[in-house]
Amino acid sequence: MKFAKGSFKNIYAVRFEPGEDVMLGLQKFCEDNRIGHGVIISAIGSLQGCSFFDPEELADKPGLYAYGDPIELPCPIELISMGGIICTEEDGAISLHIHASFADESGKEYGGHFKEGNRVLTTVEMVIGEMDHINMSRRLEPNRGVKVFEPIQL
């Protein structure tokens, strides 16, 4: 286990408008406000449809699992919840690792790794916590061939 202890520096309440791409909007918001270390505390709303990834077994991958082809749900979708981390990469770029839960019109639930291209239907309301005293980053884990969370105490 790896950990670092910190506190919330700022809390932001954000609302995304109809048609906005949630991931691109969140990326821009974090860059504009210089939020390089944080968490998605809460997010709810509705999407025009959704596209996400779930892990699948890949025999040629070192860790045997990776995200495969995206799962596409082209109908209106309820965004039940969203959580994730806002990190700063070694090159200084802000990166997001976000997962979400969804429900379709019949209440069937889905979930997975959230990606670009998910556009707001009516609203997406989000609360973001900016961290202090923790370097939120991700690094390549060579044994598994994927980036993993690397919290570093500041």
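Among HIS37, HIS113, which comes first, then next, by fewest other beta-carbon atoms within 10 Å? Can you show the working numbers first?
Details: HIS37 25, HIS113 16.
The order, fewest Cβ neighbours first, is HIS113, HIS37.
Between the stretch 1-43 and the stretch 119-144, how many Å separate their Cα centres?
Each part's Cα centre sits 6 Å from the other's.
Using a Gaussian network model of the chain whose springs link C-alpha atoms within less than 10 Å, name the residue from GLY68, GLY84, GLY129 with the highest mean-square fluctuation.
GLY68
Can you match percent of Cα pairs over 28 Å apart to one of these, (1) 29; (2) 24; (3) 11, based on a calculation from the structure here?
Among (1) 29; (2) 24; (3) 11, the one calculated here is (2).
Students often forget the sequence filter, so: which lysines lie under 25 Å Cα-Cα from LYS147 once same-chain residues fewer than 8 apart are removed?
Of all the lysines, those that pass the test against LYS147 - Cα under 25 Å, at least 8 places apart if same chain - are LYS2, LYS5, LYS28, LYS61, LYS115.
Before anything else, pin down the relative contact order of the stretch 7-153: Cα pairs under 8 Å, at least 6 apart, normalised by residue count, whole percent.
Worked out over the stretch 7-153, it gives 36 percent.
With label points built 7 Å along Cα→Cβ from the Cα atoms of GLU125 and SER81, find their separation and express it in nm.
About 1.7 nm, to one decimal.
If you take every residue apart from ASP104 with its C-beta less than 14 Å away from the C-beta of ASP104, what net charge results, scoring Lys and Arg +1 and Asp and Glu -1?
Once positives and negatives cancel, what remains is -3.
What is the distance, in nm, between label points placed 7 Å from the Cα along the Cα-to-Cβ direction at GLU90 and at GLU105?
Calculated label separation equals 4.9 nm.
Trypsin sites (Lys or Arg not before Pro) within the stretch 1-49: which are DSSP loop residues with at most 12 other Cβ atoms inside 10 Å?
Hits after loop and neighbour filter: LYS2, LYS5, ARG34.
Could you give me the ³J(HN,Hα) list for the stretch 135-148, computed from phi with Karplus coefficients 6.51, -1.76, 1.60 and θ = phi - 60°, whole Hz, x at Gly and Pro?
Running phi through 6.51 cos²θ - 1.76 cosθ + 1.60 with θ = phi - 60° gives 8, 8, 9, 10, 9, 6, 9, x, 5, 10, x, 10, 7, 10 Hz.
Please work out how much length the chain gains when fully extended from GLU116 to TYR67, using 0.36 nm per residue of separation minus the C-alpha to C-alpha distance, in nm with one decimal.
Here the segment from GLU116 to TYR67 would lengthen by 16.2 nm.
Any read-out appearing in this document is the output of simple, stated calculations on the displayed coordinates, not a laboratory observation. Remember, predicted model here, so these are calculated numbers, not experimental data. Reconstructed Cβ throughout: ideal geometry from the backbone, glycine too, with neighbour counts over all protein chains shown.
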